[in-house]
1. What helices in chain B pass both tests, a Cα length along the helix axis of 15 Å or more and a mean Kyte hydropathy of 1.6 or higher, using whole DSSP H runs?
2. With a 10 Å cut-off between alpha carbons and a GNM built on chain A, which of A:Ile198, A:Ile186, A:Ile247 moves the most?
3. Take the Cα atoms of the protein assembly as shown, build their convex hull, and give its volume per residue in Å³.
4. Among the listed pairs B:Lys124/B:Lys376; B:Lys290/B:Lys336; B:Lys328/B:Lys376; B:Lys64/B:Lys290; B:Lys328/B:Lys362, which are separated by more than 28 Å between their Cα atoms?
5. Can you tell me the Rg and the Dmax, both Å, for the Cα atoms in the range A:55-198?
6. Could you list which residues have their amide H under 5 Å from that of B:Thr248, counting only those 5 or more apart in sequence or on another chain, with H placed in the peptide plane?
7. Non-local amide H neighbours of A:Leu76 (under 5 Å, H modeled in plane, Pro and chain starts lacking H): which ones?
8. In whole Hz, with x marking every Gly and Pro, tabulate ³J(HN,Hα) for the range A:264-272 from phi via Karplus 6.51 cos²θ - 1.76 cosθ + 1.60, θ = phi - 60°.
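Every number in this text was worked out from the coordinates using simple rules, so none of it is lab data. Just so we're clear, the structure is a prediction, and the values are computed from it rather than from any experiment. So basically every Cβ, Gly included, is an ideal-geometry build from the backbone, and we count neighbours across all protein chains shown.
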Amino acid sequence: MARLVSQLIDTLIVLFGVSTLVFLLLVMIPGDPVDVVLGESAQAADREAMRAALGLDRPLAERWLHFYADLAHGDLGDSLVRLQPVTELIRQRLPATLQLAAAAFGLVLLIALPLGIIAARHRGRWPDSLAQSFALVGVSIPNFWLGPLLVLLFSVYLGWTPVSGNLEPGSLVLPAVTLGLSMAAITTRMMRSSLLEIESQPFLRTARCKGLGESAVMLRHSLPNALLPVITVLGLQLGGLLAGAVITEVVFSWPGIGSLLVDAIRQRDYPVVQGVVLFIALSYVLVNRLSDMLAAWLDPRIRERA
Amino acid sequence: MVRLAAICLCLLLVACKPPDTDTLIFAVANAPGVLDPRLAGDAASERTNALLYDRLVMLDEQGKPQPQMATWRMLGPDHYRLSLLPSRAPFWDGRLPDTRDVAATYRSLLDPTLGSPHGGALAKVREVVVVNDSDVDFLLSQPDPSFASRLTVGIVPAQAATGRSLGRQPLGSGPFAFVEWRDDGGVLLRRRTDGQRVALVPVADPTMRTLKLLRGEAHLLQNDLPGELYGYLADARGLAVQEGPGTTFAYIGFNLEDSVVASRDVRAAIAHAIDRDAIIRYLFGGRAQKAESVLRPQHWAGVGGLVAYPYDPQRARDLLRRAGYDEKHPLTLSYKTSTDPFRLRIAHVLQSQLAAVGIDLKVRSYEWGTFFGDIKAGRFQMYSLAWVGVNTPDILRYAFHSASAPPGGANRGRYRSAEVDALIERAERAEPAQAAQLYAAVQHRIHEDLVYVPLWYESNIAATRGLEGYVPGHDGNYRALAHTRMTHVQRQ
């Protein structure tokens, strides 16, 4: 219980730091919210009226306090461009991001864990080389290039999947593959190296001396121990996925959190940028806390240290 | 692992819905954000609003006002009477727009609490008075012979004019009705005449837009593509590429408070060093026309006969020498542009052409907000931008009058000319025929002073698949959708 409270306090401190940083950054970056709303041709009186309506004529400290007061009520403000509450915009975009994140994450687990295990078990032989090559290619190809390549092959030439969007049959496949492939590559390498690292541990020798078969050694002893660093990496990756895979969402016109953030930055829609960045920070923190808890559940040593 | 695979498969299937083959899909670079004509400021929203809301007046290709919902009479220099046409279309709830709707729309535009980007253009309106069921009077604070051309904001129902909620649930009297916001961030519309559904679907990446059209997932795309993609589409089977003259005016601007580019000889040298024909031929694939002024010569306030600064590298070198620059004292200039890959490519061609006459151009590329912020703040020597959707001669005051230096306008180069100021002010008070002459004089002076190096008008280009009757509007508008027909469409 005490550990949970301590983690909650840690989380709140991180969120406070992030939100203050976001608030200050948006105050400092070039551009004027009044221009976003009224355009450049507005009369001086109208500009002043709008400045007052947006609360921009108040001292910075007062605006900062107002920001936190609104935040405490779950109010992230209204979009300057779309004229909707930011929370509503995030709520509208979240399902698409969750859908893509779940599909990509599932793909990572499906590809990376078996491939990493195969590579480690056949170290130095052709399955290992194949898995290593996959990892190298997966990490090296950027999403903005891989996406259009996959579209050319599977959508334009073979006609199996739609080019982009999220409304047609099979539209999730290519964005999920684009996103999942690079993450799977990283996780494969991590899985392999983690398994090889514990290969020399005495408890594995003991298990083998007791007459356990290789599969049993792998499943009951090697894998649970090797998974700890992999879970940390997966936690970070899931955090990134929930934050919206910005490039993939833009390339595939996927209407998620990432494309909302890009649009908001381009349009200088300050409340939306602020709200989305806060949401991303919250996602990261929560997912990382969850992965910490999972690691503690898997490894009693971590629990004891905590 | 098997369970995991099953979950993944389910997730992929969740995304599946049967394709809608009867809807005309228009792939756009940016989705319309606000479907309230009083609040929309971005081009995508304004073009979509023109489909949803009829206006009192619309501007034709020469920029002249034409009646859409109403005719007008000038009862005095500061008094206009608008009379609603009996043939006007009803709102989509079946009610005919009346004078209360007109008055409520324009009164709300003048209300600073609404925060309309169109309020500035209507600053001279003192009062809007409902005379009877068909007439509305606009009383001005000072004479404005061109006032009718400012009445181009869509009319909204009076009951919706008080708040800002109309933008999410639009209700107008235009040729299209709003149906719904789509899950992909687009908007679905329905045509009044035959119920044809049209979806404006955002596809930010130009390559993806092209591929969607090639595969038959989209039927129409317009502008915002690199030149080579138009060439590619023009050669593709089953596609048609339509090209029309555009009003988007590209130019190079100068900071006239900078001691180097304040020299007219330096600016003239730059103008003579740029080979516009080559850029139009090779980068635009011929899909642009050389420009000399922000208003097209065909515009009622435009000017023909402006003599171009010809491509003449030797003359450019002579001018530079006269300004005190030669091989021993080369001229180095900073040129700011956005991160748009096509604009960057143009910047590097300009860099190469200017290097040939001895100018070392340092290209500085910035993210749009930073770039535009620097331009407005005067933190630049040279930059390139384009004026989009220029329809009225108000642009001359906005971009060149001394009082229009930011934040009061868009005279970003801080150009000051008492002669130009006086000509603009006289033109604004003059009848159209005389105003045209005065605006011509303004443009001659600006061209002579080389406030901008004028570059080109970018053509409006539409690529279609399985459509009949679509032509891009002169200012990039989508009005042709009102009579575009879908023919047989087959997916590849």
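1. Going by DSSP H runs, the hits are B:2-14.
2. A:Ile198
3. Numbers: hull volume 158.4 nm³, N = 798.
Expressed per residue, the convex hull around the Cα atoms of the protein assembly as shown is 199 Å³.
4. B:Lys328/B:Lys376
5. 21.9, 68
6. Distant-sequence amide H within range of B:Thr248: B:Gly389, B:Glu458.
7. Residues meeting the criterion, in which the H sits 1.01 Å from N, are A:Val86, A:Thr87.
8. 5, 5, 4, 8, 6, 8, 4, x, 5
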